[in-house]
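Participant: Got a structure here, written out as structure tokens. Questions coming.
The values are calculated or read from the model by the stated rules, or taken from the named source; none is laboratory data. From a predicted model like this one, the values you see are computed outputs, not experimental measurements. We place every Cβ from the backbone using ideal geometry, glycine too, and count neighbours over all the protein chains shown.
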Amino acid sequence: MSERTCLTIVLAAGEGTRMRATRPKVLHHIAYRPLVWHVLDAAAPLLGRCAVVIGPGSDQVAASVRTHTPNAEIFVQTERRGTAHAVLAAREAIARGADDIVVVFGDTPLIASDTLKRLRGALEDGAAVATLGFHAADPTGYGRLIVTGNELVAIREEKDASPEERAVSFCNGGVMALAGGTALAILDAIDDNNAKKEFYLTDAVAVARAKGLKTVALETTEDDVRGVNTQTQLAQAEAILQDRLRNAAMEVGVNMIAPQTVHLAADTKFGRDVVIEPYVVFGPGVTVDDGALIRSFSHLEKAHVGRGATVGPFARLRPGAKLGEKVRVGNFVEVKESTIGDRTAVNHLTYIGDSTVGQGANIGAGTITCNYDGTHKHRTEIGDGAFIGSNSALVAPVKVGVHAYVGSGSVITNDVPDDALAVGRARQTVKEGWASRLREMKGAGKTDKA
Ligand code: UD1
Ligand code: CA
């Protein structure tokens, strides 16, 4: 297989209309990644060229594809005239020649690389057209694979199928591989003589057979080729992918107490001996090192959790939060764009934003880094071993030195030197006997309502 060249064509000219969304269909996310990225991920190990067919004016789709696969060739299908017509929008790429051509739909995000490799294997074994079939629980809407004996004779779209053909539950998964040498001749021979007046890619099977070429159907699971046409199907695909991601995490040793309640991103990375309590959401770009504990109701995104650290319950790590080893971030604490040094504790009700916090520091309950002046963001630096008393406001830009103390309730607007104590609050005054005098005054003026 390795010397054979490959061209993957991703059809992504679908709009979001059936999803009742303004966003193009293939840009909807599962596990925090666009549908089309999942397909591009699956195609990447084929190590060939990649062409993506988009609809007119789909600049967003083009931009998203380029972010994922910068060297993908993008073709525009100017009119939506069927799946074969869409493939031919990439004619130029096909004409340049490849041994194997693999066509995948941008709306089947769960497709596995191994399945695509199996299809290529069928081409290597001499097939001109190889398709993927699956046994559908409910075949409604899918094309049916018409098989006699071991041979795939045709694919019939539901709208064109006879009642007997509709009774077939072996369905077309949509993915197709075509031998490069005969692909264009087959695609050019497809007509639009059918119920939808479209050029169906599925007709490649009948055309190839009429030319005396070999066609095969390989079987796969329904989940592998599950298409997303509606919001409900999007949620179903998400659920399947979440199951896969959780299982993969547990296989590398993550301990999930209630896996069904943990939501992962496709790129979440875990070390060993990580424990995740129920109800935790991992947005994109999170890495969790060995032995960390993520407690219930925490939300993490583009963040790093160091070895042996504890996060939550009810913690929020926003983009750029980097926690060192054995850091403790407790309940109702938000950390954004900040590095927190080893063994530092930020246990309660705190906001740390745009900050660098040293090692072994203690950030008291209710500490707020005031990082925003309404126009600009400013940084706060807190040195190793510093102690920030509860309910302090650190008005950035500001530095608190190594081993320095900040008295509770302070508003710190000037730098605090190493080893110093800073107190920035109104001095307490005590008025002896004041309360009893108040009571007497009230008693004197009291009107009896009884
Ligand atoms: C298609 C198959 C059907 C199969 C099903 C599997 C055809 C004719 N039918 O039906 O046999 O069972 O997928 O999910 O191939 N697209 C374009 N341009 C077009 C038409 C479609 O780019 O002119 C793209 C869509 O964006 C989508 C994919 O091709 O990604 C499939 O099109 P869709 O309309 O969803 O086909 P189905 O009716 O689902
Ligand atoms: Ca579809």
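Participant: One residue is enough: does region 293-307 have a residue meeting the conditions touching a helix residue (DSSP H, G or I) at 6+ places or on another chain (Cβ under 8 Å) and of a type outside the set (Asp, Glu)?
Facilitator: Taking every residue of region 293-307 in turn, none turns out to be touching a helix residue (DSSP H, G or I) at 6+ places or on another chain (Cβ under 8 Å) and of a type outside the set (Asp, Glu).
Participant: Now a separate question. Those residues that are in contact with a strand residue (DSSP E or B) (Cβ under 8 Å, 6 or more places away or on another chain) and touching a residue at least 40 places away in the same chain (Cβ under 8 Å), I need them from region 236-271; list them, please.
Facilitator: Ala237, Glu238, Leu241, Gln242, Leu264, Ala265, Ala266, Asp267, listed by residue number.
Participant: Just give me the residues in region 126-140 being over 28 Å from the mean Cα position of the chain (by Cα) and within 14 Å of ligand 2 (Cβ to nearest atom), in sequence order.
Facilitator: Pro139, Thr140
Participant: State whether one or more residues within region 150-159 are crowded, with 18+ Cβ neighbours inside 10 Å and acidic (Asp, Glu).
Facilitator: yes
For every residue, the table says whether it meets (1) within 14 Å of ligand 1 (Cβ to nearest atom); (2) under 25 Å from Ala51 (Cβ atoms).
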| residue | (1), (2) |
| --- | --- |
| Val104 | yes, yes |
| Ser113 | no, yes |
| Asn150 | no, no |
| Glu164 | no, no |
| Val168 | yes, no |
| Val175 | yes, yes |
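Participant: Sticking with this structure for a sec: Leu218 - would you say it is more than 9 Å from ligand 1 (Cβ to nearest atom), within 18 Å of Ile94 (Cα to Cα), of a type outside the set (Lys, Arg) and touching a residue at least 24 places away in the same chain (Cβ under 8 Å)?
Facilitator: no
Participant: Right, next: Go through Ile74, Ile94 for me and flag whichever is at pLDDT 95 or above and closer than 26 Å to Asn194 by Cα.
Facilitator: Answer to the check: Ile94.
Participant: For Lys159, only one of the following conditions fails: (1) under 26 Å from Pro34 (Cα atoms); (2) within 11 Å of ligand 1 (Cβ to nearest atom); (3) not polar (S, T, N, Q). What is its number?
Facilitator: Status for Lys159: all satisfied but (1).
Participant: Give me a count of the residues in region 432-448 that are modelled with pLDDT of 95 or more and assigned to a loop (DSSP other than H, G, I, E, B).
Facilitator: Total meeting the criteria: 2.
Participant: Another question about this same structure. Which ranges mark the strands (runs of 3 or more DSSP E) fully within region 259-329 that have 3 or more residues being surrounded by 22 or more Cβ atoms within 10 Å (Cβ to Cβ)?
Facilitator: Per the criteria, no element qualifies.
Participant: Okay, next question. Search region 216-232 for residues being surrounded by fewer than 18 Cβ atoms within 10 Å (Cβ to Cβ) and β-branched (Val, Ile, Thr), and hand back the single one that is nearest to ligand 2 (Cβ to nearest atom).
Facilitator: This residue is Thr230.
Participant: Here's something else I'd like to know. Can you tell which of Glu238, Glu277, Glu222 is touching a Cys at 6+ places or on another chain (Cβ under 9 Å) and not aromatic (Phe, Trp, Tyr)?
Facilitator: One residue alone meets the criteria, Glu222.
Participant: Now, a different point. For a quick check of your reading of the model, give me the residue pairs whose first member lies in region 58-73 and is over 17 Å from Asp107 (Cα atoms), whose second is among the small types (Gly, Ala, Ser), with beta-carbon atoms closer than 6 Å and at least 6 apart or on different chains.
Facilitator: Glu73/Ala51; Glu73/Ala93
Participant: Collect the residues in region 22-63 that are at pLDDT 95 or above, within 16 Å of ligand 2 (Cβ to nearest atom) and assigned to a loop (DSSP other than H, G, I, E, B), keeping them in residue-number order.
Facilitator: His28
Participant: Kindly establish whether Thr78 is within 19 Å of Leu27 (Cβ to Cβ) and either away from ligand 1 (no atom under 16 Å from the Cβ) or surrounded by fewer than 20 Cβ atoms within 10 Å (Cβ to Cβ) (or both).
Facilitator: No: the conditions fail for Thr78.
Participant: While we're on this one: Can you confirm whether region 195-204 contains a residue that is part of a helix (DSSP H, G or I), loosely packed, with under 15 Cβ neighbours inside 10 Å and away from ligand 2 (no atom under 16 Å from the Cβ)?
Facilitator: no
Participant: Part of a loop (DSSP other than H, G, I, E, B), under 18 Å from Leu218 (Cβ atoms) and in contact (Cβ under 8 Å) with a residue 24 or more places away in the chain, is that true of Val175?
Facilitator: No; evaluated as a whole, the condition is false for this residue.
Participant: Which residue pairs have Cβ atoms under 7 Å apart, sit 6 or more places apart or on different chains, and have a first residue in region 91-106 that is touching a residue at least 12 places away in the same chain (Cβ under 8 Å) and under 23 Å from Ser64 (Cα atoms) and a second that is within 16 Å of ligand 1 (Cβ to nearest atom) and polar (S, T, N, Q)?
Facilitator: Val102/Thr8; Val104/Thr8
Participant: Name the residues in region 64-106 that are within 16 Å of ligand 2 (Cβ to nearest atom), in contact with a strand residue (DSSP E or B) (Cβ under 8 Å, 6 or more places away or on another chain) and outside any strand (DSSP E or B), would you?
Facilitator: Gln77, Thr83, Ala86, Val87, Gly106
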